[in-house]
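Let me begin by presenting the structure, written as structure tokens, before commenting on it.
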Amino acid sequence: MKGLTSSDVIAIATGLVSLAAFVVAIMSWITAHRAQRLAERQEARRAPRLDLRLIDSKVSEIDGKRSFAIHLQIANPTDTANSVAGLELCIRHRREIPLTLLAPAIPNADESVPVLLMPLRIDAHHTVEGWVRFAVATDLLKGSTIEGYELVATDTHQEKTTLETHMLTWSLR
């Protein structure tokens, strides 16, 4: 049996170096892939987003208008400050055809309750809470069947966040 020649040793060494380079390349690819996923997650946390939570709601008839008062909590779970530019109440109702009535938020006359005034700045990872009022002329909804309510918050980036609610309690003043 013959021993290894110098060309055999060079071929084996070249194969081992190639194998080591392949392992290093795979490890580098795995590290780069993990870094890319981490960067994407961090970037997603910077994207503007608002979370809405309904705490309470009341409906009453005042001076020929149906007044909606909604106790709301608005959270900013992102790493970037954001602002609520506007709030609207969408009232889905039906006469012969489905209709949607949009009511913008109005200032609250009752100074004793905390209200949310637009525009409303919300710092990163903070939450604000307060009441928002909407009013609609009673005649606009007369003879309609209410199918649902949806609260729409629009931030300064024109991103819309919606909260659907069917749990409005009726109260009379």
Sorting Ala47, Gly86, Leu117 by the position of each Cα along the dipole of the chain (Lys, Arg +1; Asp, Glu -1; all at Cβ), the one nearest the positive end of that ordering is Ala47
Per the Kirkwood formula on distinct C-alpha pairs, the Rh of segment 1-83 is how many angstrom? 19.6
Ordering of 48-57, 134-143 by packing [mean C-beta count within 10 Å, highest first]: 48-57, 134-143
Pro48 neighbourhood, Cβ < 15 Å, K/R = +1, D/E = -1, net charge -1
Rounded to a whole number, the Stokes-Einstein D of the chain in µm²/s (Kirkwood radius over Cα pairs; 25 °C; 0.890 mPa s) is 120
How big is the C-alpha Rg of segment 62-106 next to the rule-of-thumb value 2.2 N^0.38 Å, as a ratio? 1.61
Have a look at Gly143, Gln36, Thr165 and report the one farthest towards the positive end of the charge dipole of the chain, computed about the Cα centre with Cβ charges (Lys/Arg +1, Asp/Glu -1). Gln36
How much of the DSSP bridge set in the chain is antiparallel, in percent, rounded to the nearest 5? 95
Could you work out the longest stretch of the chain that avoids the GluC sites (Glu not before Pro) located in DSSP loops with at most 14 other Cβ atoms within 10 Å? 1-95
Counting DSSP beta bridges with both ends in segment 64-159, the antiparallel % (nearest 5): 95
Any chance you could give the angle, 0 to 90 degrees and rounded to 10, that helix 6-46 forms with the longest Cα principal axis of the chain? 10
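FYI, it's all coordinate maths here, none of it is from the lab. Worth saying up front: this structure is predicted, and the values here are computed from it rather than measured. FYI the Cβ positions are ideal-geometry reconstructions off the backbone, even for glycines, and counts take in every protein chain you see.
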